[in-house]
1. Within segment 535-556, track down each residue that is surrounded by 14 or more Cβ atoms within 10 Å (Cβ to Cβ), of a type in the set (D, E, K, R) and within 16 Å of E475 (Cα to Cα).
2. Kindly indicate whether any position in segment 389-407 is on the phi < 0 side of the Ramachandran plot, hydrophobic (A, V, I, L, M, F, W, C), modelled with pLDDT of 80 or more and open to solvent by 70 Å² or more (accessible area, probe 1.4 Å).
3. Identify the single condition in (1) touching a residue at least 24 places away in the same chain (Cβ under 8 Å); (2) surrounded by 15 or more Cβ atoms within 10 Å (Cβ to Cβ); (3) on the phi < 0 side of the Ramachandran plot that V185 does not satisfy, given that it satisfies every other one.
4. For segment 476-498, state whether one or more residues are modelled with pLDDT of 85 or more, not small (G, A, S) and not in a helix (DSSP H, G or I).
5. List the residue pairs whose Cβ atoms are under 7 Å apart, where the first residue sits in segment 1-30 and is farther than 30 Å from Q46 by Cβ and without any contact (Cβ under 8 Å) to a residue 12 or more places away in the chain, the second is open to solvent by 60 Å² or more (accessible area, probe 1.4 Å) and of a type in the set (K, R), and the two are 6 or more positions apart or on different chains.
6. Of everything in segment 309-332, what is of a type in the set (V, I, T) and over 19 Å from S295 (Cα atoms)? Give them in sequence order.
7. Name the one entry in L462, L472 that is in contact with a helix residue (DSSP H, G or I) (Cβ under 6 Å, 6 or more places away or on another chain), assigned to a helix (DSSP H, G or I) and either at pLDDT 85 or above or open to solvent by less than 50 Å² (accessible area, probe 1.4 Å) (or both).
8. Residue by residue through segment 328-344, note down the ones that are open to solvent by 50 Å² or more (accessible area, probe 1.4 Å) and farther than 21 Å from N266 by Cβ.
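The values are calculated or read from the model by the stated rules, or taken from the named source; none is laboratory data. Note that the structure is predicted; figures quoted are calculated from it, not measured. As a convention, Cβ positions derive from the backbone with ideal geometry for all residues, glycine included, and neighbour counts pool all protein chains shown. Only protein heavy atoms, including side chains, enter the accessible area calculation; ligands, DNA and RNA are left aside. Shrake-Rupley method; radii C 1.70, N 1.55, O 1.52, S 1.80 Å.
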Amino acid sequence: MSDPEYDTWVASVREAADIVEVIGRQVTLKRKGKHYWGLCPFHQEQTPSFSVDAEQQLFYCFGCHVGGTVFTFLMQHGGMSFSEAVDMLATENGIPKPHRSQRDHARSQKMSRLQAIMEWSQEFFRASAQSSVRIYDGYLQQRQVDEATRERFALGYAPDSWTALRDFLMKHGIAEEEMLEAGVVVARREGRGVYDRWRHRIIFPIWNHRGQIIAFGGRAILPEQEPKYLNSPETPLFHKGQVLYGEHLARPLWRQGRRPLLVEGNFDVIACHQAGLGQAVASLGTALTEDHARSLSRHAKEVDLLYDRDTAGEEAMRRAFLILSAQGLQVNRVQLDAGKDPDEFLREKGALSLAEKVEERIPYFEAVFKDRLSRLPSLTARGKAELVDELKPLWKALTNPVEQAGYLEMVSRTLRLDQSILAQSFGVAQGFRHTSPKNRHNMERNVSKGARPSLDVYLLALLLRHPEHVALVREELPDWIEKYHLSDIVTHIEMGQSPAELSSLIDTMDPGLRSLLLEAITFDGPDGGIRVIKDTIKVIRRREDYRHWQSLIERLRQGENTEALREEIRMVQGRLAQGQNTGMGTPFPFAGIIGKEG
């Protein structure tokens, strides 16, 4: 199918679908003015801030800033892929899909063939478990996996044979080349032929979110077997950086409001599900990836981490926190007794104790701070400095400005550090000026102003009303367009596309950028025309100069004391001073920094 033909088909489906009717299946909507309003399905609220615009066929929540088209809603609320959302609405509206090209047809046939190999392999592993019941039952009874859980996860067994699976698949007409592509066999190093990938292992089928088997994992039964876990390799069906073990079972619970619980291994997932914690999932032979985090962010606002407390587990949690936070997720740490993983903890303490530990979760930043603090023999100046250095990347990863403000106050109070000094160490010296408890509200409010780019929203909203002035913005703010990845949006606005016509962009863009554009589309403030556009350009330029100046000062504080750097600081300060003298915005406290720094 050619891209233009596919794009035209998608556009026709989008136009035919009634976004009010589709969203109304999940959210009670009431019309007020030209919009429909309801309680947001993506966050807890008591006053409706979730808006659906029937004319522009868009939705947007003014509370959590989630929004998009009818496809976006089905992807984020229903857990569908883009193509699944389009296919569903196309079927509902009787819009036939264009004929596929020969290449697309061949690819579809290959994927169907690989899927069939997965199903036949699963049939083999399940049958082998029944014929080797003493080995299979003996091991799983030792791990305290009950019959219902074995069936729920469809566990199997790979016999201690080099070619049993190969021979079984050949009887079904599967060629060795197809087995290799599916990843269920391995090519012999010498000579021709293949051998089974898994031997004498408990087999875990791995599903995609649609409940289709796409890979397998094998757990060693004997202590001397290496590796302990052996997963399928990357195949056309299986990309391990995009799949979480147990996700097909956990997703329905996530939609009901249960927080995803990330654990380390397949047996940890199984143990949690058996204990009633069906929201548990694990990555597959790889650290948590950005794709995993993006998928989780479509279903939840908060994630719990339950990893081993050894060095490797601590580092894995830290990486997971940074990746999850980058997607706007709040991250908690669940703490078990030292040296226990969920499987061991359950066997010793029981399901109720584990469920209680999960509910006693601690925000990750707070958990790390208290943990590191307890290990310090004394609060020496050097010890404080080392602790602050360790906390800095974690604090900066937080995306909620109020949460940042609260932790800044907590660390400052606990370490008995001046809050402005701590803020400097965290790299945001000018953003936190009100430090006393009575001024906490002001501090949080000031941080919030800097966290959401309202000037950017305002300028985009003005350009949507006055696309003839896009050229001026291109000329005056080229770095702004590049920095915030606004090139595609600005180009489409310049072409005179209406907000509704921007839907094709909204469906596929980054969530942060989508929120920015939707805020601009839904902006209902005054319009000052070209004069206000020019003023906004000046203020944005000044803001960007100030941010650049802050980064230069931070480099100076870190010891980069070169004449070129100092000259650049003087040049930027000159521009800022000129803007201050012309009355452009609030004065920035930059005077005398170079002199003070030596």
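1. Of everything in segment 535-556, those that are surrounded by 14 or more Cβ atoms within 10 Å (Cβ to Cβ), of a type in the set (D, E, K, R) and within 16 Å of E475 (Cα to Cα) turn out to be K538, R541, R542, E544.
2. no
3. (1)
4. yes
5. From segment 1-30, no pairs qualify.
6. Once the filter is applied, which keeps residues that are of a type in the set (V, I, T) and over 19 Å from S295 (Cα atoms), segment 309-332 yields only T311.
7. Result of the check over L462, L472: L462.
8. Q330, Q335, D337, A338
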